[in-house]
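The structure under discussion appears below in the form of structure tokens.
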Amino acid sequence: MNFKRFFSRPASAPAARERLQVLLAHERVANGDSDLLKTLRDEIMAVIAKHMQVDGDKVSVKMERGASVSTLAVDIEVPFDGGKKAA
Amino acid sequence: MGKVIVVTSGKGGVGKTTSSAALGAALAQNGDKVVVVDFDVGLRNLDLVMGAERRVVYDLVNVIQGEAKLAQALIRDKRLETLYLLPASQTRDKDNLTPEGVEKVITALRKAFDWVICDSPAGIERGATLAMRHADVAIVVTNPEVSSVRDSDRIIGLLDSKTLKAEQGERMEKHLLLTRFDPARAERGDMLKVEDVLEILSIPLLGIIPESMDVLRASNVGAPVTLADNKSAPAVAYFDAARRLKGETIPVTVPGDKRGFFGKIFGRKAA
Ligand SMILES: Nc1ncnc2c1ncn2[C@@H]1O[C@H](COP(=O)(O)OP(=O)(O)O)[C@@H](O)[C@H]1O
Ligand SMILES: [Mg+2]
């Protein structure tokens, strides 16, 4: 065992605690089916699907769950003829 | 065409998820394109071990049910460009995994990645059999302990009968990954010996991963151990295992065998 490495590293338990708190706070609401982020995601995707074919390469959805703020980023590549709904 | 690997064991808590993440990252650190797929529907944990838990948008079940495209469900690792995760669903159960759906996903992944690593749930039910179904190679994760060895034997039987390869009359390539190996207990003679496990299961050895605090630390911070501390003993063991997976011949060292003076005098060689 490398003692220098062992003692110079910060404890990892606080990181574990912080990560779990954020994750579980989100999961508990999610299991109650009232996850705002997820609702937003689904409704936005439904709107997009109404106007263009939702293609995995053209629509990317990113979420990042934070302690006090979460972000939802929807990146849409709208083609020139995007207005014509694909069957 | 990529290779599909199932990381399986029968028993829970032996190190499948830890190994899936560590081997996946090790292969990706080498530049290969890797996706790690969590088959533990209902009890996902691979996202947590890989530090992607806050970024899960869609999961395997969403893709299978047609609610999301595969590309939308894949999460790219923040540290390694060529490492991806396909998370399991946390809110639905295993019945949502259909054989047809799994086949479609695996076929698509195989085309896009060099390695598709399937992290199997414990047990021998649907989740576990679907995880192994399309595998080219199986990594049987075993702890040097009686119930784990017994469960591994059972899983080896399933690998040889319930997989596509087996049904087509082909041979499933199987490797033993001995994990949570405790050199101190081995030294005292309280742990099954490496050669005993190998003799009982009679499949080739991919590597021996020592029981280590470094694994706990890595999961605390949300990084595969090969990324969290690439010089640590378990990381080095996983790097070697990854190279053997790629076909290199590297001798396996039994953890604790490279001891100092006293160890050499009093120790017995294990393999
Ligand atoms: N080599 C190791 N040293 C120490 N702890 C380990 C090691 N491998 C796994 N663990 C721990 O054992 C527990 C179960 O591991 P996990 O990979 O989740 O097993 P599985 O997926 O087979 O259920 C986890 O807490 C993990 O951190
Ligand atoms: Mg697991």
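Each value in this text was obtained by applying a stated rule to the coordinates, not by laboratory testing. Everything numeric here is computed off the predicted structure, so don't read it as measured data. Cβ: placed from backbone, ideal geometry, glycine included. Neighbour counts: every protein chain shown.
General observations
- Alpha carbon centroid spacing (whole Å) that separates the range B:77-118 from the range B:184-252: 25 Å
- Axis angle, to the nearest 10 degrees, between helix B:16-29 and the longest C-alpha principal axis of chain B: 80 degrees.
- Normalised size of the range B:113-174, defined as Cα radius of gyration per 2.2 N^0.38 Å with N residues, equals 1.09.
- Under the Karplus curve 6.51 cos²θ - 1.76 cosθ + 1.60, θ = phi - 60°, whole-Hz ³J(HN,Hα) for the range B:46-63, x wherever Gly or Pro sits: 4, 4, 5, 5, 8, x, 10, 4, 7, 10, 6, 9, 10, 9, 3, 5, 4, 5
- Comparing B:Gly42, B:Gly66, B:Gly256 in a Gaussian network model of chain B where C-alpha atoms under 10 Å apart are linked, the largest mean-square fluctuation is found at B:Gly66.
- When Rg and the Kirkwood Rh are both derived from Cα coordinates, the Rg/Rh ratio for the range B:1-133 amounts to 0.92.
- The magnitude of the dipole of the protein assembly as shown, with charges of +1 and -1 set on the Cβ of Lys/Arg and Asp/Glu and taken from the Cα centre, is near 900 debye.
- Here the dipole of the range B:58-132 is about 220 debye; that uses its Cα centre as origin and unit charges on the Cβ of Lys and Arg (positive) and Asp and Glu (negative).
- Residue with peak Gaussian network fluctuation, chain B [Cα springs, cutoff 10 Å], from B:Thr142, B:Thr107, B:Thr82: B:Thr107
- Reference-scaled alpha-carbon Rg (2.2 N^0.38 Å with N residues) for the protein assembly as shown: 1.05
- Tilt relative to chain B, helix B:99-112 - C-alpha long axis, 0 to 90 degrees, to 10: 70 degrees
- Loop-located GluC sites (Glu not before Pro) in the range B:165-197, at most 16 other Cβ atoms within 10 Å (DSSP): B:Glu170
- Eigenvalues of the alpha-carbon gyration tensor of chain B, scaled by 5 and square-rooted, set the equivalent ellipsoid semi-axes at 31, 21, 16 angstrom, largest first.
- Computed over Cα pairs, the Kirkwood radius of the range B:70-124 leads via Stokes-Einstein (1.567 mPa s, 4 °C) to a diffusion coefficient of 101 µm² per second.
- Kirkwood hydrodynamic radius (C-alpha pairs) into Stokes-Einstein, the range B:30-100, 37 °C and 0.692 mPa s, D in µm²/s: 267 µm²/s
- For B:Leu177, nonlocal amide neighbours, meaning residues 5 or more places apart or on other chains whose placed amide H falls under 5 Å from its own, are B:Val140, B:Val141, B:Thr142, B:Leu206.
- The amide H of B:Val4, built 1.01 Å from its N in the peptide plane, has B:Val116, B:Asp136, B:Val137 as neighbours under 5 Å, considering only residues 5 or more places off or on other chains.
- Given A:Lys58/B:Lys94; A:Lys58/B:Lys111; B:Lys16/B:Lys162; B:Lys16/B:Lys174; B:Lys162/B:Lys193; B:Lys104/B:Lys162, the pairs whose alpha carbons are separated by over 22 Å: A:Lys58/B:Lys94; B:Lys162/B:Lys193
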